[in-house]
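Derivation of every value follows stated rules applied to the coordinates shown; laboratory data play no part. All values reported here derive from a predicted model rather than from experimental measurement. Neighbour counts are summed over all protein chains in view; Cβ atoms, including those assigned to glycine, are modelled from backbone coordinates with ideal geometry.
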Amino acid sequence: MSSVLVIGYGSTLRGDDAAGVRAAELIARRDADIQCICDHQLMPELAENISRADLVIFLDAQAGITEVAVRSLSADPAPRFHTHVVSPEILLALSGDVYGRVPGRAYAIGIPAKQFDFSEELSPETQQAVRMAVEKALECIDANDIAPHENR
């Protein structure tokens, strides 16, 4: 049985920073069988969910990029934990260290973002990029032959 986990993160009160959360929400609406977690930041507690997935996709807003960027991830071989900074690579390593399992595949999808002022609205450019990020995430799922309906 295969499972897909999508993690969208960012502040929903800081304009375009909400792009990862908004993309994960769209994916959840498209396919209720894909497990989607939305949060304001990555936290060590996510390692348990990650350890149960065959494929995990991290969605996040990124300043300084002009198009949706997909990169393959692997566990950080020497994770360094900081009080307020947890990366996807650290979570993958934590999943392996604590739960003895990491997903077979993991991706980070960066969503272009420019506006981080107090707002609950995405800029028009980031709204379009969110839709593209959703398509890229679904392509990652399809490319890995993981059927979301086999989750759980």
Practice problem: For the stretch 44-70 and the stretch 4-25, write down the distance between their C-alpha centroids in whole Å. | Solution: 10 Å
Exercise. Take peptides 49-56, 98-105 and line them up by average Cβ neighbours within 10 Å, highest first, as a rough protection proxy.
Key: 49-56, 98-105
Quiz item: For the residues L92, L59, what sequence is obtained by ranking on other C-beta atoms within 10 Å, fewest first?
Solution: L92, L59
Quiz item: Span-like helices, the chain: DSSP H, alpha-carbon axial extent 18 Å or more, mean Kyte-Doolittle -1.0 or greater, which ones?
Solution: 124-143
Quiz item: Looking at the stretch 1-110, which GluC sites (Glu not before Pro) are in a loop (DSSP not H, G, I, E or B) and have at most 13 other Cβ atoms within 10 Å?
Solution: E45, E67
Exercise. Rounded to whole Hz and in sequence order, give me ³J(HN,Hα) for the stretch 57-73 from the Karplus expression 6.51 cos²θ - 1.76 cosθ + 1.60, θ = phi - 60°, writing x for Gly and Pro.
Key: 10, 9, 10, 8, 6, 9, 7, x, 10, 10, 8, 4, 10, 10, 9, 6, 10
Self-check item: Sorted largest first, extent of the stretch 30-108 alpha carbons per principal axis (Å)
Solution: 35, 32, 22
Quiz item: When only alpha-carbon atoms count, how far does the stretch 4-150 stretch along each of its three principal axes, as whole angstroms with the largest first?
Solution: 42, 36, 23
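Take T126, T66, T12 and order them by how many other Cβ atoms sit within 10 Å, fewest up front.
T66, T12, T126
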